[in-house]
Each structure stands twice: as C-alpha cells, then as structure tokens.
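Comments concern the structure below.
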Amino acid sequence: MAQQWDVVIVGAGTTGMVAAIFASRRGARVLLLESAADIGGTLHISGGNMSAAGTKLQKGKNIADSVQEHYDDVMRICHNTADPKIVRLAVEHAADTFDWLTDSGMPLDPVCPQYNNGAHEPYLIKRYAWGPEYGKSIYKALVPMFFAEVTSGGVTLKLSTRVTGLIQDPRTRAVTGVRTKSADGVALDYHGQNILVATGGYAASPQMVARIHGTPLYSNGSMPEARGEGIEMIESVGGYLRGGDYFHCNFGVVLNDYDYPSKTIGRVVTMPEVRQPWEIYVDSRGNRFLPEDEPSVDKRERALVALPDKRYWVVFDGAILKEAPPVMERWSREQVTAALGNHPMFLKANSLAELAAQAGMDAPTLEASVKAYNDNLKGTDPLGRKHRPRPIGSGPFYAIRQHATIIVSTAGITVDGDLRVVDRQGRPIPNLYAAGEVIGSVATMGDAAANGMLVTPALTFGRLLGDRMLKWEKQRAAAE
C-alpha cells in the first residue's frame, strides 16, 4: 500500500493503545497493528499494579511523596541495576499518567495506596495502587478513549495482523515501514514516519527464554503472543538486547508435570508473614540454600535464581504434615495429603535415602542437611533461621517440588532517554521507537521487582510518545 502513515504502532497492548490515543489527539494519522484478535494485550491477565509519587490519591490521604523519593526507592530495591534515565523518565511522569486514568474513570481498590501487596519488596512510602479488577480496571478505562479515536478516524485498527518484519533504508538506516501478514494470508507493507514497536516480550517462548537466559521455560503464564517477535525484528535492523544476564522470577510454583512448559497447579506458602515455615528447602543435590524464614522477597528470589536449575524441594515429615498449617496456598491439609505420593511433584518415602532417590538428590547430602538442621534446633541455625518449631524426625518423609517461573520478560531492547531504539554504538536508528515489555523489565526494574514499575511505565511511555516524542510532517499532500 502506498499510503503514508504518521505513526505505525505494532502491538495494541498497554503501551500501544495509549500511544495511539495521544497521537491521534494531536492530529496524527495512526495505524495500529495487532496479531491477536482483540486489543489490550497483557491487561487481560495483569495485576494492573501501578505506582506514582505526588498523585491526587496520595494528596487526598495526606501522604507526602516526591519523584526523587520514588526514584530512590526503585533504585534501592533493584540495587541500582535499572537504567537510571529510563527510571527517571518513568517516575517523573507517573503521577500525570495515574491521575489521567483515575480522572478518566478508573476505580481504585479502597485500601490503596499501599507499601506493597506482599509479592515484592515494599516501598518506604505508600504509593502502590491497583483497581478492583486489576489489569481489567485499566483496560476498561482505556477502551472508551481508544475507540473514540478509532471512530474519529484518527486511529485505524487492524486485528489478527502479524508484523513479519521491518522495512529499513540501507543508506540511512531509517526504518520506514513494516511488513505484515493477515490471518487469511494476505501480505501487505505499511509505511510510516514513526514506527513504534510495542509488541510485548518473550515470556511465552521456550526457545527465546533458553536462548537469552539458558534456562527452561517451566511454565507459561504470559499471553500466547509474547513470542519475542518484536525483539527479533528490531535486532534484524541493528537494535540489540540487554539484560540477558538477569533473570527475575517468583520464588517458585508447583507444576502439573515435567513436560515443560507445564501448567501451574499451586504453590507452597513461602511468605513468612503469611505462614512461618516448618519445612526446609533444599536444592537439587539436597543442600539447604537459604534461611527458610527469610523475610525479604528479593533475597528469597535471588537465592533461587542462583541455583543452576532454578528449582528446589520443600522437605518435611509426617509430624509436620499433621501439626503445621497447610503448606500449600489455598489447599486444605486433606488435599495436600492426597497428592503426596500420587503426583510427580509430591513425593512420599519411608526414609530420607528413598526420598532422595525419588527426587534425584544425593542421599548423603540430604541426610546431612536434615541432621544439621535438627542438631542445631536448640542453638543457632547454620543459615540463621529463627522459626524452627520441631525437627524433621521420622518417616514418612515428604518433598514438594517448586519451580522458578516468569510472567514478564527481564531482558529487552535497548533504548535511549527518548525511547528511540539504539545500536551497539549508541546511535539511534532513525524513526524507530520501542516501549512496554519489549524493552524488558531490566529497563525500569533491573534485576528485581519494584511495585508498579511495569504497567505504569508502559502507560506513561505510551502517553509521552503519542503526546510529544513522535514527530511527523504536517504537510501530507504527497500521501493524500
């Protein structure tokens, strides 16, 4: 097609929808391409967690906060591993984004704002918020605004249209368009003055997870479209990936089987503020690898990431099964008991040596770990654990397998402070921008998880790109 668009956006998710809204409001002719059959991307499954400093919500509850305090908190949580310029860009404009959404009708959970939700390290100030329907709350606030721009003619939306590559001028390095294929197999090229890739990440691609991180994709909790295609097409025109040496995950879930990626069926309660541990956690050889009552989410997750296979066993005995609170989140004691010995992730044995054989652990190592734990119950635990209600004494013995899983992409495409894609020499690739999960959580959270620093930046960067960063010629005579 010969038609020239002011803005071509690849991906109608959190970033793409917002960029389209604001670019259209500025008078741009916007083409939005989406490989799925619906808009919204990860907002359909996201927790929709947001964080911002200086919001109307905070002011209404007399909470003093500042951009600098938000920035410092993020960098503290991620140990200064995030991109300072990208974090600064996000937090400086986060309150405007947050207030825009709430002024547009997005409801909030009445308990907000909070320091955290228990899943990540807490902020020092209450700035963390979410809607009653989580990501759906954001989605429902955006949809009327988005389709108003579609109705006005400013945004042309094409669903079930996969972008297969970028068109690049070999002389200038400028990206001038995209190649597409529709669901019925029709291939078309579209040209634009600005190309924004907002396709999401690679967290649904076992091949890309293995290539980037060298680890299996144990479970797929992401959108099926998160195959890393946006990353690969940007790499093909000179962009590059950063953050592959980081791997951010949760502290483990229980899977249905060993056919990876497998379905998640539950998780052991590993948050000591919810349930203090009675069990011990051991790696694939049988060694304990952290104090099981470690209060820091970040330290627990880092300990798991350090394990070569990023999985571990929760080990206990019959007395603990009977006396302790149920070990599985939202499972009854009866459900746990029924699974033990009858599911590949729930083992049961009469001796530690037999348990180790079933789990593939080294029997002497597991036996030594249990003995050291028991021998020090009246003294100091070798790893510093405080809560030790009883020994792991006599059989039967049990073990539950936990696997590290991801729902977002840690690594991502490198961009500058204006969200322009850059090459390895730091030179912007003309006309090419990237934002959202395609730039990786490494950009805004480094090697850790900071509350609200995925969704809020994705929204904020879409707003900034559409409102001011994307540039186009006002004269369209040649294109009309």
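The values are calculated or read from the model by the stated rules, or taken from the named source; none is laboratory data. Note that the coordinates shown come from a computational prediction; the quantities given were computed from them, not determined experimentally. Note that each Cβ is placed from the backbone with ideal geometry, even for glycine, and that neighbours are counted across all protein chains shown.
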Note on V274: of the conditions (1) out of contact with any strand residue (DSSP E or B) (no Cβ under 8 Å at 6 or more places or on another chain); (2) within 26 Å of E437 (Cβ to Cβ), unmet is (2)
In segment 162-176, how many are surrounded by fewer than 22 Cβ atoms within 10 Å (Cβ to Cβ) and within 30 Å of the chain's Cα centre (by Cα)? 4
Only one of D6, D72 is without any contact (Cβ under 8 Å) to a residue 12 or more places away in the chain and not in a loop (DSSP other than H, G, I, E, B). Can you tell me which? D72
Is it the case that segment 220-230 has a residue that's assigned by TED's automatic domain parsing to the domain that holds G40 and either polar (S, T, N, Q) or within 23 Å of A359 (Cα to Cα) (or both)? yes
Is it the case, given these coordinates, that T380 is of a type in the set (S, T, N, Q), more than 12 Å from F316 (Cα to Cα) and either assigned to a loop (DSSP other than H, G, I, E, B) or under 34 Å from the mean Cα position of the chain (by Cα) (or both)? yes
Within segment 412-423, can one find any residue that is without any contact (Cβ under 8 Å) to a residue 40 or more places away in the chain, touching a strand residue (DSSP E or B) at 6+ places or on another chain (Cβ under 9 Å) and either assigned by TED's automatic domain parsing to the domain that holds N342 or not polar (S, T, N, Q) (or both)? yes
Loosely packed, with under 14 Cβ neighbours inside 10 Å and touching a residue at least 24 places away in the same chain (Cβ under 8 Å): which single residue out of G360, G379 fits that description? G360
Tell me which strands (runs of 3 or more DSSP E) are completely within segment 160-229 and hold 3 or more residues being within 15 Å of G16 (Cβ to Cβ), or say none if there are none. 161-168, 187-197
Scan of segment 181-229 for residues that are hydroxyl-bearing (S, T, Y), surrounded by 19 or more Cβ atoms within 10 Å (Cβ to Cβ) and over 15 Å from P261 (Cα atoms), ordered by number: Y190, T199
Among the residues of segment 401-452, the number that are among the polar types (S, T, N, Q), more than 21 Å from the chain's Cα centre (by Cα) and either surrounded by fewer than 22 Cβ atoms within 10 Å (Cβ to Cβ) or modelled with pLDDT under 95 (or both) is 1
Need the failing condition index for Y398 against (1) assigned to a strand (DSSP E or B); (2) at pLDDT below 95, just the number. (2)
Might you check whether a residue that is more than 26 Å from R468 (Cα to Cα) and among the small types (G, A, S) occurs anywhere in segment 149-163? yes
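Out of segment 239-254, which residues are part of a loop (DSSP other than H, G, I, E, B) and within 30 Å of L166 (Cβ to Cβ)?
Matches in segment 239-254: G239, Y240, G243, G244, D245, Y246, F247, H248.
Counting just the residues of segment 9-49 that are outside any loop (DSSP other than H, G, I, E, B) and among the polar types (S, T, N, Q), which one comes out farthest from M469 (Cα to Cα)?
Across segment 9-49, the extreme among qualifying residues is T42.
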Pairs, first within 21 Å of V91 (Cα to Cα) in segment 128-140, second part of a strand (DSSP E or B), C-beta under 7 Å, six or more apart: Y128/S51; Y128/Q114; A129/M50; W130/M50
